[in-house]
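The values are calculated or read from the model by the stated rules, or taken from the named source; none is laboratory data. Just so it is clear, the structure is predicted and the values come from calculations on it, not from any experiment. Counting neighbours? That spans all protein chains shown, and the Cβs are built from the backbone with ideal geometry, glycine included.
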Ligand code: HEC
Ligand code: HEC
Ligand code: HEC
């Protein structure tokens with residue numbers, strides 16, 4: 001009797017350990033799978049259709065920018081996300097380097113719908129308010145241009161940058177004659193890039209696909225205004 005009483009719980013205990021181990025293995029495998037999948041650009045739009053589809057399209061095919069505006073084939077590389085994807089296979093998370101706390105907060109905000117949208121684009125996709133490089137770097141505690149200028153991405157000094165565009169006809173955009181600028185003032189990831197010098201200088205170069213700032217603003221504002229009237 002006494003033997004039975006002691007051996008029975010121990011079988012139960014062993015079973016519990018086996019079940020717990022199996023569950024643990026499943027959780028780990030699923031977790032690793034999720035993690036690998038979550039690194040793929042398709043994850044961003046597959047899970048969070050709204051609000052990620054517009055950004056995925058401007059990255060994957062470049063046929064439209066985040067506003068849903070069609071972009072000619074020759075002009076697509078002026079969208080920095082498309083340029084990096086098509087030339088180097090850069091993923092969303094190579095640029096938007098995730099921090100764990102940010103990912104969790106984003107997940108919660110997505111589930112609860114707690115994020116600010118700018119409106120709908122021409123394709124009816126939800127878009128968010130445009131982020132500055134400061135805002136994008138906040139969660140991983142990097143400021144401004146470090147989003148682009150860092151050891152993993154563009155390890156370039158300002159002198160090297162200036163030299164890289166010295167051959168452009170007209171005013172060299174990397175001659176920051178009026179003080180340091182944000183890379184994001186000109187290089188746009190999910191819409192065509194703009195040459196901000198052109199706000200004031202008529203000789204600011206516009207390589208293929210680049211827009212004068214006035215034209216870019218008018219296009220963006222036009223889309224958001226048209227869609228807020230419709231709503
Ligand atoms: C080459 C770097 C790069 C890649 C790759 C990239 N992004 Fe971005 N992303 C940026 C920058 C820079 C901005 C700031 C706004 C801009 O320039 O368009 C931004 C902004 C955003 C925003 C905020 C809204 C906004 O307009 O500012 C979202 C959402 C976003 N990206 C999602 C994605 C998704 C999803 C992918 C992949 C499918 C992706 N990004 C790939 C650099 C990148
Ligand atoms: C005033 C506008 C402007 C600003 C600000 C700016 N760029 Fe540029 N950048 C340009 C233009 C215009 C080109 C030429 C694009 C082309 O030829 O297609 C360029 C080209 C580049 C290139 C490619 C150079 C090559 O070898 O062809 C890199 C890399 C680059 N920029 C990085 C940066 C980084 C990093 C920053 C921030 C520190 C920055 N840029 C800020 C306008 C700007
Ligand atoms: C908000 C308007 C404005 C913007 C934007 C602007 N500039 Fe200027 N810039 C001026 C004015 C005004 C002068 C003339 C100042 C003077 O004569 O002292 C000037 C003068 C200059 C000069 C020295 C004089 C000359 O014409 O050679 C350089 C170089 C220059 N800018 C380069 C740039 C570059 C490169 C950009 C973009 C990165 C840029 N500027 C963006 C207004 C602007």
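Considered as a group, the residues in segment 199-219 that are more than 18 Å from residue 71 (Cβ to Cβ) and within 12 Å of ligand 2 (Cβ to nearest atom) include one that is surrounded by the fewest Cβ atoms within 10 Å (Cβ to Cβ), and that residue is 200. Out of curiosity, is residue 205 within 16 Å of ligand 3 (Cβ to nearest atom), under 25 Å from the mean Cα position of the chain (by Cα), over 21 Å from residue 55 (Cα atoms) and in contact (Cβ under 8 Å) with a residue 12 or more places away in the chain? When the stated conditions are applied, residue 205 does not pass them. The criterion of at least 2 residues that are away from ligand 3 (no atom under 16 Å from the Cβ), surrounded by 13 or more Cβ atoms within 10 Å (Cβ to Cβ) and on the phi < 0 side of the Ramachandran plot is met by the following helices (runs of 4 or more DSSP H) wholly inside segment 83-192: 92-95, 100-112, 133-137. The test for being at pLDDT 70 or above, more than 18 Å from residue 194 (Cβ to Cβ) and out of contact with any strand residue (DSSP E or B) (no Cβ under 6 Å at 6 or more places or on another chain) does not hold for residue 78.
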